[in-house]
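The values are calculated or read from the model by the stated rules, or taken from the named source; none is laboratory data. This one's a predicted model, so the numbers in the text were calculated from it and none came from an experiment. Neighbour counts run over all protein chains shown; Cβ positions are idealised from the backbone, glycine included.
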Amino acid sequence: MENFVTKNKILLFVFAEAILLSGFVLTMAWLWDRWLIPGPHGSIRWIGMDFVPYWVGVRAMLNGQSPYNPGTTQTIQSILLGGPPEIGGDPMMFVYPAWIFLLLVPWALLPLRWAVALWTGLLLFGALHLIGFLAIRWGATRPRATAFWALVLTVGGLPFLVISASKGQLGLVSLGALMLVNRLWKRHEMAAGIVLGLATLKPTLTVIPTLGFLLWAVMERKYRLLVGFAACMGILFLSSWLAVGNWIPDYLKLISNTGGAPILWSLAILPWPWKALYALFFAGLVVYAFIILRRTRNQPQWFSATVLAGLALFPMRWIYDLLLGILVPAEARDLRGGLAISVVIALVVPWGLTLFQPSLRWSAYVVGLPLAWAIVWLVQFIYARRKRR
């Protein structure tokens, strides 16, 4: 009887999850032709705006065409904008490493509308579960505390999720992959290495955490994790090369000409000597965390420091990637006291920054949010440890 009840609960849970996912997918399909914004040639769609370039790029690769050539770019701009972009606007190109090819082939085989709906629906579905996981962890399964953190995470993450999930950004996949690696490595090293490879789908923001994880794996002799990562990247590289050949020179040429949006955008915003102080501060945190790693093997502190460095030094042109900051205290449990207060502040800071003038708002986000999460890191790993002494 007990097994029957357990089995029914599992079936009910799976059914509820399927209904939720279906609801998200159908909602995004409904919004496809209804959520419109002004464009250079008339109204353009918002839903899936960032998904279209890699849908077009992967379909081009299926036909043996480089995702970086002018023909692919013209197709992307025609579908999205109805023509070439305005001067100084988003160029709307395939700006991702072509190793994303294999993972996106299933979506490239679908009609665009339903590919967008399924992709963005899955992102919303995953984001909801991420919020639930952190709320339960930070609230220590206490109902009131869990509900509080669920509310704060939802409110704090809303500015990012509205943009990132609805546009179909790859950054959410990288965020989820890094979170999952931390859940897997203790018991499933090989699987953790494979998932770590998936974190590189959008390498700009995750390159430092990924390298940090690999360095830690070498130090701890986690060879199965390293093998899993190498196997994942090898398969992704090989499949993309079989499709279009050596795409790396085209990709390097592309990222060297970013259309006026520098990769180290946060440092480009700040004048001297503030940009040097900003970079040195976050680099110093990583160096300090590495020293502690060698002494104590404190993996959570090291991982959080590398996430923080990526957040501060490699944010992309818009703010959606800054949601990665929630990984800084992700390994903490039962948040209380100063740490809880600092996390709440970091989560609600985006709403306070809306008080800035529109011309300064994006710069305030890019520079200010990493500093807010840096305070969380200092409270979690420096202040709390000294207090215990």
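Kindly list the number of the only condition in (1) in contact with a strand residue (DSSP E or B) (Cβ under 9 Å, 6 or more places away or on another chain); (2) at pLDDT below 90 that fails for VAL5.
Single failed check for VAL5: (1).
What helices (runs of 4 or more DSSP H) completely inside segment 174-263 contain at least 1 residues that are of a type outside the set (Asp, Glu), in contact with a Leu (Cβ under 7 Å, 6 or more places away or on another chain) and within 27 Å of ASN298 (Cα to Cα)?
On the way: elements: 189-198, 203-219, 223-244, 248-256.
Ranges flagged: 189-198, 203-219, 223-244.
So, in segment 151-177, exactly how many residues are free of Cβ contacts under 8 Å to residues at least 60 places away in the same chain and on the phi > 0 side of the Ramachandran plot?
0
Can you give me the number of residues within segment 81-121 that are in contact with a strand residue (DSSP E or B) (Cβ under 8 Å, 6 or more places away or on another chain) and assigned to a loop (DSSP other than H, G, I, E, B)? Working first, answer last.
Filtering segment 81-121 for residues in contact with a strand residue (DSSP E or B) (Cβ under 8 Å, 6 or more places away or on another chain) gives 81-86, 89.
Applying the additional criterion that residues be assigned to a loop (DSSP other than H, G, I, E, B) yields 82-86, 89.
Going through segment 81-121 one residue at a time, the tally reaches 6.
For segment 62-80, name all the residues that are outside any loop (DSSP other than H, G, I, E, B) and touching a helix residue (DSSP H, G or I) at 6+ places or on another chain (Cβ under 7 Å).
Going residue by residue through segment 62-80, those that are outside any loop (DSSP other than H, G, I, E, B) are 62, 70-80.
Those that are outside any loop (DSSP other than H, G, I, E, B) and touching a helix residue (DSSP H, G or I) at 6+ places or on another chain (Cβ under 7 Å): LEU62, THR72, THR75, ILE76, ILE79, LEU80.
May I ask you to verify whether GLY83 is surrounded by fewer than 20 Cβ atoms within 10 Å (Cβ to Cβ), in contact (Cβ under 8 Å) with a residue 24 or more places away in the chain and of a type in the set (Gly, Ala, Ser)? Break it down into steps so the answer makes sense when it comes.
On the way: surrounded by fewer than 20 Cβ atoms within 10 Å (Cβ to Cβ): yes; in contact (Cβ under 8 Å) with a residue 24 or more places away in the chain: yes; of a type in the set (Gly, Ala, Ser): yes.
Yes; evaluated as a whole, the condition is true for this residue.
Give the residue that is nearest to ALA309 (Cα to Cα), with candidates limited to residues of segment 215-233 that are surrounded by fewer than 17 Cβ atoms within 10 Å (Cβ to Cβ) and hydrophobic (A, V, I, L, M, F, W, C). Lay out the reasoning, then the answer.
Within segment 215-233, the subset surrounded by fewer than 17 Cβ atoms within 10 Å (Cβ to Cβ) is 215, 218-221, 223-224, 227, 230-231.
When the remaining residues are screened for being hydrophobic (A, V, I, L, M, F, W, C), the result is 215, 218-219, 227, 230-231.
Details: LEU215: 15, VAL218: 20, MET219: 20, VAL227: 26, ALA230: 24, ALA231: 27 Å.
Within segment 215-233, the match that is nearest to ALA309 (Cα to Cα) is LEU215.
Would you call LEU26 under 26 Å from the mean Cα position of the chain (by Cα), part of a helix (DSSP H, G or I) and crowded, with 16+ Cβ neighbours inside 10 Å? It would help to see each step written out before you state the result.
On the way: under 26 Å from the mean Cα position of the chain (by Cα): yes; part of a helix (DSSP H, G or I): yes; crowded, with 16+ Cβ neighbours inside 10 Å: no.
Against the criterion (under 26 Å from the mean Cα position of the chain (by Cα), part of a helix (DSSP H, G or I) and crowded, with 16+ Cβ neighbours inside 10 Å), LEU26 does not qualify.
Output the residues belonging to segment 178-193 that are touching a residue at least 24 places away in the same chain (Cβ under 8 Å), surrounded by fewer than 22 Cβ atoms within 10 Å (Cβ to Cβ) and not charged (D, E, K, R).
Looking only at segment 178-193, we keep the residues that are touching a residue at least 24 places away in the same chain (Cβ under 8 Å), and these are 178-179, 181-182, 185, 189-193.
Among the residues that remain, those that are also surrounded by fewer than 22 Cβ atoms within 10 Å (Cβ to Cβ) are: 179, 182, 189-191.
Across segment 178-193, the qualifying residues are MET179, ASN182, MET190, ALA191.
Inspect all residues belonging to segment 134-144 and state whether any of them is within 22 Å of TRP351 (Cβ to Cβ), surrounded by fewer than 22 Cβ atoms within 10 Å (Cβ to Cβ) and not basic (Lys, Arg).
Yes, segment 134-144 contains a residue that is within 22 Å of TRP351 (Cβ to Cβ), surrounded by fewer than 22 Cβ atoms within 10 Å (Cβ to Cβ) and not basic (Lys, Arg).
Evaluate segment 3-19: report whether one residue or more is in a loop (DSSP other than H, G, I, E, B) and either at negative phi or out of contact with any Lys or Arg (no Cβ under 8 Å at 6 or more places or on another chain) (or both).
Looking through segment 3-19, none of the residues is in a loop (DSSP other than H, G, I, E, B) and either at negative phi or out of contact with any Lys or Arg (no Cβ under 8 Å at 6 or more places or on another chain) (or both).
Please pick out the residue among ARG45, ARG34 that is basic (Lys, Arg) and in contact (Cβ under 8 Å) with a residue 12 or more places away in the chain.
Values: ARG34 fails: in contact (Cβ under 8 Å) with a residue 12 or more places away in the chain.
Answer to the check: ARG45.
Tell me whether segment 49-66 contains one or more residues that are surrounded by 12 or more Cβ atoms within 10 Å (Cβ to Cβ), over 29 Å from VAL244 (Cβ atoms) and not aliphatic (A, V, I, L, M).
no
Just give me the residues in segment 329-370 being surrounded by fewer than 19 Cβ atoms within 10 Å (Cβ to Cβ), of a type in the set (Phe, Trp, Tyr) and either touching a Gly at 6+ places or on another chain (Cβ under 8 Å) or assigned to a helix (DSSP H, G or I) (or both), in sequence order.
Passing the criteria: TRP351, TRP362.
Taking only pairs six or more apart or across chains, which ones have beta-carbon atoms under 8 Å, a first residue in segment 365-385 that is over 13 Å from SER342 (Cβ atoms), and a second residue that is crowded, with 19+ Cβ neighbours inside 10 Å and of a type in the set (Phe, Trp, Tyr)?
Once the first residue is over 13 Å from SER342 (Cβ atoms) and sits in segment 365-385, its partners that are crowded, with 19+ Cβ neighbours inside 10 Å and of a type in the set (Phe, Trp, Tyr) give VAL366/TRP265; VAL367/TYR278; PRO370/PHE282.
Look through segment 110-168, keep the residues that are aliphatic (A, V, I, L, M) and touching a Gly at 6+ places or on another chain (Cβ under 6 Å), and return whichever of them is nearest to GLU331 (Cα to Cα). Steps first, answer last, please.
First, pick out the residues of segment 110-168 that are aliphatic (A, V, I, L, M): 110, 112, 115-118, 122-124, 127-128, 130-131, 134-136, 140, 145, 147, 150-153, 155, 158, 161-163, 165.
Next, only the ones that are touching a Gly at 6+ places or on another chain (Cβ under 6 Å) stay: 116, 145.
Values: VAL116: 32, ALA145: 17 Å.
It comes out as ALA145.
Can you find a residue that is assigned to a helix (DSSP H, G or I) and within 15 Å of the chain's Cα centre (by Cα) anywhere in segment 132-153? Spell out the reasoning first.
Looking only at segment 132-153, we keep the residues that are assigned to a helix (DSSP H, G or I), and these are 132-138, 143-153.
Filter again for within 15 Å of the chain's Cα centre (by Cα), leaving none.
No.
Taking segment 292-328 as the search range and keeping residues that are over 16 Å from the mean Cα position of the chain (by Cα) and assigned to a loop (DSSP other than H, G, I, E, B), which one is surrounded by the most Cβ atoms within 10 Å (Cβ to Cβ)?
Here the residue is ASN298.
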